[in-house]
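Input: a single structure, listed below in structure tokens.
The values are calculated or read from the model by the stated rules, or taken from the named source; none is laboratory data. Just so it is clear, the structure is predicted and the values come from calculations on it, not from any experiment. So basically every Cβ, Gly included, is an ideal-geometry build from the backbone, and we count neighbours across all protein chains shown.
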Protein chains: 2
Amino acid sequence: MVNVKELSEQVSASGRRAGGRQARLVQRSAPVAAFPGLVRKIPVYELVPEEAVELIHQESLKILEEVGIDFRDDEAAGMWRRAGADVRGHRVRIDRALLMQLVSTIPSEFTLNARNPARSVRIGGQNSVFVPMYGAPYVRDLDNQRRYGSLADLNNFHKLAYLSPALHSSSSIICEPMEIPVPRRHLHIIDSAIRHSDKPFMGIVTARERAEDTLAMAKLVFGDAFVNDNPVMVSITNCNSPLVWDATMLDALKVYARHNQPVILAPFALCGASTSASSVGAVAQVNAEALAGLAFTQLVRPGSPQIYGQFMVAVDMKSGAPMGGTTEAAQMMYLMGALARKYRLPWRTSGFHVGSKLNDAQAGYEANMLMHAAILSGAHYIWHAAGWLEAGLVCGYSKFVTDAEQCEGWYRYAGGLSFDDFKEAMAAVREVGPGGHFLGTQHTLDHFERAFFAPKLMDFSSFEQWSAEGENDMDARGRARAKALLAGYEAPALDPGVAESLDDFIARRERELPDSVR
Amino acid sequence: MVNVKELSEQVSASGRRAGGRQARLVQRSAPVAAFPGLVRKIPVYELVPEEAVELIHQESLKILEEVGIDFRDDEAAGMWRRAGADVRGHRVRIDRALLMQLVSTIPSEFTLNARNPARSVRIGGQNSVFVPMYGAPYVRDLDNQRRYGSLADLNNFHKLAYLSPALHSSSSIICEPMEIPVPRRHLHIIDSAIRHSDKPFMGIVTARERAEDTLAMAKLVFGDAFVNDNPVMVSITNCNSPLVWDATMLDALKVYARHNQPVILAPFALCGASTSASSVGAVAQVNAEALAGLAFTQLVRPGSPQIYGQFMVAVDMKSGAPMGGTTEAAQMMYLMGALARKYRLPWRTSGFHVGSKLNDAQAGYEANMLMHAAILSGAHYIWHAAGWLEAGLVCGYSKFVTDAEQCEGWYRYAGGLSFDDFKEAMAAVREVGPGGHFLGTQHTLDHFERAFFAPKLMDFSSFEQWSAEGENDMDARGRARAKALLAGYEAPALDPGVAESLDDFIARRERELPDSVR
């Protein structure tokens, strides 16, 4: 459908460029910089020994065998019955042999295709990606106001995803375009993701027909045959903890899995409320829920790629409110990573999700508590890696660009330390000797630019200079950067025939679909 | 000198308590809560394989053999000559056998004694401590103004260190009391640390006689004989990278090591300026510098406890300014940890040091980038764990209490995950079953309070509640908490005889010492 050479020619031909003050802040060159998928070159961190991971695994199996799990969908229950599970109503008890046999057919790695093939990425094994947040009804806008999200905001976030080199996906519902009626909203969400970025995106799961529309739109971009077999989007189905897969999620799951489109099977756990008040207990339960969902995908289409996952935040046991980047959230992430490796599955976690209302110190402490764990636990699909505020209720412009830049640092981090120039570096020590300095050595001149990551949104200037520039905190600098990036944005090329067919599809479906929730 | 029972009786007898609004924020009970030294129960993270650590080690040895290192002090150079090193002027070349033999006599662990024995801590092995920052000329005060530090500020920070349960030390020069003439300043710094807290503190290193005064004051508290053999303070000597140990640092080092008082041998490396523009090269150089300093301590007093260490920040290669919590700073920390383990040495790193001017998002991202690495790299003396802003130029009140609370979370984190109630937790899953919730189960009621860390300075309340309370960011909440803590502060008991002898000592030394720099 699209090819890289054509694309970059079209981008070059468009001729619009950011100038003056904005150019200084943005400093990008055409075509837009984008890092390839991250290939992890550092070891994983194992928080607990293998026996502890095995113990958790065993407890998860027992839950599925003894308590069972609800699949609240007649078709799904029937599929389980035919597969040999013990099914009573919607309660499904799955013995460990059946469960693990099904899970074993899920590939350890797969390619997620983008409409620009240069932006396609591998998921699984040593390959990881950073993906922006999803699902915020509110935004914290360019003037630091909290308000409902709009289609214009969503367009903006897709533009920022496109412009952020370390983000490997455009997500989809970064914020909800609240002015569009719910039955038609999905059309404009997917359309925005496709038009404003050329990176992989995410599917819609709120109803069977919306999932089908998403696939139909993907087919206009990638071609029918391609979408029937090749992953072009990732979708999320959350288990309702404890131990319920509901019909809406299962409907979307079936649509996507039948097309070989990967789904994240991620219990959304508020630990202490929808799980027990125990980190290890919560992990064992969430693992059982995820395994049951994963196994079900293989009843739908054996061998289809899927993503193991978790979203686990602890509940503040005094107020009942979900927290974000706290101690146990990071610890549980390491356990989920160990379990994913045990099952040889690609897995998803969340990178920069926080409870903070603002892009303030709380957000920063929470964010890097979690991202450090996401990186060291070997997560493959590092979601909510840009924008997330207020337990997911809000996507912040400043938070988005702050996170996106921090992802650049984490990308380097996971790429490992370079020993390539070690000999030269030691030669420089000999050359400089006691009491000298290294600023003028050939080694420094050669390695000046790439030796150390220098995030531009972090201010390391003198107090005097920072004062003269208005004493802006990182939140204010982030908003300025988001504005500058958006002002300099140019859309990636899209085949005019594809664009027209998307327009036609949306127009037709808008005629067919109601303009309010039925 | 002091004992716990007496202390708590005295504290109880003092009868002053925080009330009303402040009590709600502070919620502490007498005696003041203090966590014992952290016993790490999680594995360390090894960023690179053992061969890579060995390679760095070998390059460090070569530097000391071939290039050598300056000990710019005649006595020190003479001691090296007598030990068998190749000494020309102040340039000392140390062969690997001599170097490693000397380093091998440093104990792997030691006890750092506090004037309140209940606050004494172990350093090394599985034992780690959190220590507040050191050395700021400026403070960011309770009204968020940046100004010179004063003795009143220093007193306040020592009070906050005392009141923070996860801080294991009072440091010493948290901020400089700028109004006190430099030749007399050390007396009031140490006096403040001793009077306002009962935790271990840090020595003064800016001149030989100031180190001697520090020891003299310690002797008034602990007794002469005790201080001649038992660690009661930790002091810092920075190598001037590259490869220079200067006379001032060596003077202090000799005073302390002769008394068996541990010194941190920590090159202060601005990577890219005082080291090569290579993370691995910087580590090899800093390691050589630290090893040479450590070996020298064993010429002064064989078997004396010492602390291996590093302070490494990358320089922004565009502006030349030091950065804080960036990618490579964390990566280098893991290498230093691996080297420390190779040498079986207690080691120091920095936890929450940042370049940010404010307690804002930048500070948070920087801080937890580093603390996560400090914890997982197995650091024993986790310094700059409270207060640090602006590359160490500023100690912030809000940052101090924010960091101190975050240390509580990291203390839990390093304590590992509990499997103790795993069976009960799984029984709760059986009890609740699919579609239920856990809030009323006996397990939840039993584990409600301690299951998940809920930092009070992080706001997880609803947007509406947070709005109604003034939309305060974490920086503002931190300042409010610092004010409340200080308002509720009560001094730990100090033997009146000791207090009087300290007064007398200071009065005498003030008569003897000039009131301006000579």
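Structural remarks
- Close pairs (6 angstrom Cβ cut-off, 6 or more residues apart or separate chains): touching a residue at least 60 places away in the same chain (Cβ under 8 Å) in the range A:483-511, of a type in the set (Gly, Ala, Ser) and surrounded by fewer than 17 Cβ atoms within 10 Å (Cβ to Cβ) anywhere: A:Glu490/A:Ser14
- Condition check for A:Lys483: assigned to a helix (DSSP H, G or I), facing another protein chain (nearest Cβ under 10 Å) and either touching a Gly at 6+ places or on another chain (Cβ under 8 Å) or modelled with pLDDT of 95 or more (or both): no
- Selected residue (criterion: farthest from the chain's Cα centre (by Cα)) from residues of the range A:137-165 that are aromatic (Phe, Trp, Tyr) and buried (at least 18 other Cβ atoms within 10 Å of the Cβ): A:Tyr138
- Residue within the range A:443-451 that is in a loop (DSSP other than H, G, I, E, B), without any contact (Cβ under 8 Å) to a residue 60 or more places away in the chain and closer than 21 Å to B:Leu389 by Cα present: no
Conditions tested, residue by residue: (1) among the charged types (D, E, K, R); (2) surrounded by fewer than 24 Cβ atoms within 10 Å (Cβ to Cβ); (3) closer than 14 Å to A:Phe505 by Cβ.
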{"position": "A:Asp191", "(1), (2), (3)": "yes, yes, yes"}
{"position": "A:Lys199", "(1), (2), (3)": "yes, no, no"}
{"position": "A:Val205", "(1), (2), (3)": "no, no, no"}
{"position": "A:Asp229", "(1), (2), (3)": "yes, yes, no"}
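- Count of the range A:451-464 residues which are more than 9 Å from chain B (Cβ to nearest Cβ) and over 18 Å from B:Met369 (Cβ atoms): 1
- In summary, A:Leu376 fulfils each of the numbered conditions (1) at the interface with chain B (Cβ under 7 Å from one of its Cβ atoms); (2) among the aliphatic types (A, V, I, L, M); (3) in contact with a helix residue (DSSP H, G or I) (Cβ under 6 Å, 6 or more places away or on another chain); (4) closer than 29 Å to A:Leu61 by Cβ with the single exception of condition (3).
- Inside the range A:334-372, residues that are outside any helix (DSSP H, G or I) and in contact with a strand residue (DSSP E or B) (Cβ under 8 Å, 6 or more places away or on another chain) make up a count of 16.
- Residue among B:Ile56, B:Ile123 that alone is more than 30 Å from B:Ser197 (Cβ to Cβ), within 30 Å of the chain's Cα centre (by Cα) and touching a residue at least 40 places away in the same chain (Cβ under 8 Å): B:Ile56
- When each of A:Ala428, A:Ala367 is tested for being closer than 29 Å to B:Lys357 by Cβ, buried (at least 24 other Cβ atoms within 10 Å of the Cβ) and within 8 Å of another protein chain (Cβ to nearest Cβ), the lone residue that passes is A:Ala367.
- The C-beta contact set for the range A:403-414 (first residue facing chain B (nearest Cβ under 7 Å) and farther than 21 Å from A:Ile174 by Cα, second residue assigned to a helix (DSSP H, G or I) and of a type in the set (Val, Ile, Thr), distance under 9 angstrom, 6+ apart or interchain) comprises A:Gly409/B:Thr327; A:Arg412/B:Thr327; A:Tyr413/A:Ile375; A:Tyr413/B:Thr327.
- Hits in the range B:466-518 (condition: under 30 Å from the mean Cα position of the chain (by Cα), among the hydrophobic types (A, V, I, L, M, F, W, C) and closer than 30 Å to A:Ser319 by Cα): B:Met474, B:Ala476, B:Ala480, B:Ala482, B:Ala484, B:Leu485, B:Leu486, B:Ala487
- The range A:312-329, subset among the hydrophobic types (A, V, I, L, M, F, W, C) and surrounded by fewer than 24 Cβ atoms within 10 Å (Cβ to Cβ), residue nearest to the chain's Cα centre (by Cα): A:Ala321
- Residue match in the range B:457-469 (condition: farther than 29 Å from A:Gly364 by Cβ and touching an Asp or Glu at 6+ places or on another chain (Cβ under 8 Å)): no
- Yes/no for A:Glu66 being charged (D, E, K, R), surrounded by fewer than 22 Cβ atoms within 10 Å (Cβ to Cβ) and within 13 Å of another protein chain (Cβ to nearest Cβ): yes
- Filter pass, A:Trp347 being surrounded by 24 or more Cβ atoms within 10 Å (Cβ to Cβ), more than 10 Å from every other protein chain (Cβ to nearest Cβ) and in contact (Cβ under 8 Å) with a residue 12 or more places away in the chain: yes
- Qualifying residue in the range A:167-174 (condition: more than 28 Å from A:Ala295 (Cβ to Cβ), at pLDDT 95 or above and either out of contact with any strand residue (DSSP E or B) (no Cβ under 6 Å at 6 or more places or on another chain) or polar (S, T, N, Q) (or both)): yes
- Selection within the range B:373-414 - closer than 30 Å to A:Glu464 by Cβ and either at pLDDT below 95 or in a strand (DSSP E or B) (or both): B:Trp383, B:Trp388, B:Leu389, B:Val394, B:Cys395, B:Gly396
- The helices (runs of 4 or more DSSP H) located wholly in the range A:170-244 that include 3 or more residues which are within 19 Å of A:Phe400 (Cα to Cα) occupy A:182-196.
- Single unsatisfied condition, A:Leu299 versus (1) in contact with a Phe, Trp or Tyr (Cβ under 6 Å, 6 or more places away or on another chain); (2) part of a helix (DSSP H, G or I); (3) surrounded by fewer than 24 Cβ atoms within 10 Å (Cβ to Cβ); (4) of a type outside the set (Val, Ile, Thr): (1)
- Candidates in the range B:289-333 are the residues that are facing another protein chain (nearest Cβ under 8 Å) and polar (S, T, N, Q); of these, the one that is farthest from B:Ala379 (Cα to Cα) is B:Ser319.
- Failed item in (1) farther than 28 Å from B:Tyr411 by Cα; (2) in contact with an Asp or Glu (Cβ under 8 Å, 6 or more places away or on another chain), with A:Lys357 passing the rest: (1)
- The set of residues in the range B:313-333 being modelled with pLDDT under 95 and outside any loop (DSSP other than H, G, I, E, B) consists of B:Val313, B:Ala314, B:Val315, B:Pro322.
- Here A:Leu253, A:Leu243 are screened, and the one residue that is touching a residue at least 60 places away in the same chain (Cβ under 8 Å) and buried (at least 23 other Cβ atoms within 10 Å of the Cβ) is A:Leu243.
- For first residues located in the range A:80-99 and in contact (Cβ under 8 Å) with a residue 60 or more places away in the chain, partners that are aliphatic (A, V, I, L, M) and in a loop (DSSP other than H, G, I, E, B) and lie 6+ apart or on another chain with Cβ distances below 6 Å form the pairs A:Val92/A:Ala85; A:Ile94/A:Ala85.
- Unmet requirement for B:Leu417, which otherwise passes all of (1) in contact with a helix residue (DSSP H, G or I) (Cβ under 9 Å, 6 or more places away or on another chain); (2) part of a helix (DSSP H, G or I); (3) at the interface with chain A (Cβ under 10 Å from one of its Cβ atoms): (2)
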